[in-house]
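The values are calculated or read from the model by the stated rules, or taken from the named source; none is laboratory data. Values in this document were obtained by computation on a predicted structure and should not be read as measured data. A quick note on method: Cβ atoms are made from the backbone with ideal geometry, for glycine too, and the neighbour counts reach across all protein chains shown. The accessibility values were calculated without ligands, DNA or RNA, using every heavy atom of the protein model including side chains. Shrake-Rupley method; radii C 1.70, N 1.55, O 1.52, S 1.80 Å.
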Amino acid sequence: MILNEKNQERDVYVAIADPTRRKLLRLLADAKELPLHELTAQFQMGRTAVSKHLAILKEAGLVADRKVGRETRYRLNAAPLQEIKDWVSFYEKFWNEKVALLKNLLSEE
């Protein structure tokens, strides 16, 4: 589901569809917590644009933030990614079974 009203969660798949947001997640995965200015320094875009991407990740539950003085610090919450892992795992098993079946058929000839 896409965000239509306040307090509605954004779909995790929509949140990770953008390469900038995937890079943000990767940066946060490599650190315990990062302030906005350090994240912004990793992109060729302004602070406002990075903040908008972080807001989308936050709406999907992938990022948490906290204020430290005047600074906002962000950290990864990877738990919602489990849904994607489960989805990919299902199809990985499906294709592995199909490839094994094909190998068996080919080896019989």
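Annotations
- Within segment 19-49, the set of residues being open to solvent by 30 Å² or more (accessible area, probe 1.4 Å), under 13 Å from Ala78 (Cα atoms) and in a helix (DSSP H, G or I) comprises Arg22, Arg26, Leu27, Ala29.
- Top-ranked residue of segment 67-106 - restricted to ones that are basic (Lys, Arg) and over 19 Å from the mean Cα position of the chain (by Cα), ranked as least open to solvent (accessible area, probe 1.4 Å): Lys98
- Which numbered condition Leu76 fails, given (1) hydrophobic (A, V, I, L, M, F, W, C); (2) farther than 24 Å from Leu39 by Cβ; (3) in contact with a helix residue (DSSP H, G or I) (Cβ under 9 Å, 6 or more places away or on another chain): (2)
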